[in-house]
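The next block holds one structure in the form of structure tokens; read it before the comments.
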Amino acid sequence: MKTLTHILIILIWGQIVYGQEFQKTTDIPIGLLLAKSVYYEKQELTKQIGLDDLIKTRDSLKVRFWDADKIVEIIKNDSIEINVYPIFYSKKGRLITQKLVVENLDKEAFLNRLNNLKIKTLPDYSTISNYKHFNSGFTYCFEISTNDKYRFYSYYRPQNQERIDEAFYVSEIVDFIDKSINWSKLLNDFQENLKFGRYKYRTVIISFESGENYIPCDVEYKKRLFKK
């Protein structure tokens, strides 16, 4: 009986120590109401799809890129895995997605290019001086998880910024990812498998007309029986 008790104590102590060692530092700019809304909206969607909580993941590197109509996830351990999740909703608001695995790609070169574009180290746009605010626009979000750190950051209308190096890098990242994964083909194949009907995907609009406001905005997609 004493031996069993000793084993249980050792196991419990090991779990406590291991859990403490695994704690990550976090960098989540949620001081502003806008950033907080964007962050928690993404975390709620993460749960709905069944993706990992990146603060708890043990992958050596995990990158999650949020676009208007998809999530692109890059996982690196002994090898590199790239998955894409289209984000669509039915007319009644039901989430429709599918895990699309990207295969025909030099994944090592792909990740190296993203690293050269500073995807892991870019600051949140809210910390950049002279960053222009327009009446409204879309924001891209990024999650970066390593063994010891988790980061979340976003960029509002990077393509419309002038002489902002960080915005230039994000614009390059967005274009590079779309071209590399052949997003237009993946999206078309995904849409072809949808049943006939009306669908929508959600984008994030930021409005500065009366303060800084976070506005979900729906874009409609119609799956027709016959193409025009």
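The values are calculated or read from the model by the stated rules, or taken from the named source; none is laboratory data. Nothing here was measured: the structure is a model prediction, and the numbers come from that model. Glycine also receives a Cβ, built like all others from the backbone with ideal geometry; neighbour counts cover every protein chain displayed.
Evaluated against (1) small (Gly, Ala, Ser); (2) surrounded by fewer than 20 Cβ atoms within 10 Å (Cβ to Cβ); (3) within 18 Å of the chain's Cα centre (by Cα); (4) closer than 24 Å to residue 49 by Cα, residue 79 falls short on exactly one condition, (3).
Name the single residue that is farthest from residue 39 (Cα to Cα) among those in the range 144-199 being of a type in the set (Lys, Arg) and buried (at least 19 other Cβ atoms within 10 Å of the Cβ).
So, considering only residues that are of a type in the set (Lys, Arg) and buried (at least 19 other Cβ atoms within 10 Å of the Cβ), the one farthest from residue 39 (Cα to Cα) is 157.
Going through the range 82-107 one residue at a time, which ones are part of a strand (DSSP E or B) and free of Cβ contacts under 8 Å to residues at least 24 places away in the same chain? Answer for the range 82-107, where residues must be part of a strand (DSSP E or B) and free of Cβ contacts under 8 Å to residues at least 24 places away in the same chain: 83, 101. Contact map, the range 39-61: residues that are more than 12 Å from residue 146 (Cα to Cα) and of a type in the set (Lys, Arg) paired with residues that are modelled with pLDDT of 90 or more and assigned to a loop (DSSP other than H, G, I, E, B), Cβ distance under 9 Å, separation 6+ or inter-chain. Pairs shown: 47/53. Residues that are out of contact with any strand residue (DSSP E or B) (no Cβ under 7 Å at 6 or more places or on another chain) and over 23 Å from residue 38 (Cα atoms) within the range 56-79 comprise 58, 77, 78, 79, listed in sequence order.
Determine which member of the set 120, 132 is surrounded by 11 or more Cβ atoms within 10 Å (Cβ to Cβ), touching a Leu at 6+ places or on another chain (Cβ under 9 Å), part of a loop (DSSP other than H, G, I, E, B) and not polar (S, T, N, Q).
Numbers: 132 fails: touching a Leu at 6+ places or on another chain (Cβ under 9 Å).
Going through 120, 132 in turn, the sole match is 120.
Yes/no per residue for (1) at pLDDT below 85; (2) more than 22 Å from residue 122 (Cβ to Cβ); (3) part of a loop (DSSP other than H, G, I, E, B):
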residue	(1), (2), (3)
35	yes, no, no
51	no, no, yes
56	no, yes, yes
65	no, no, no
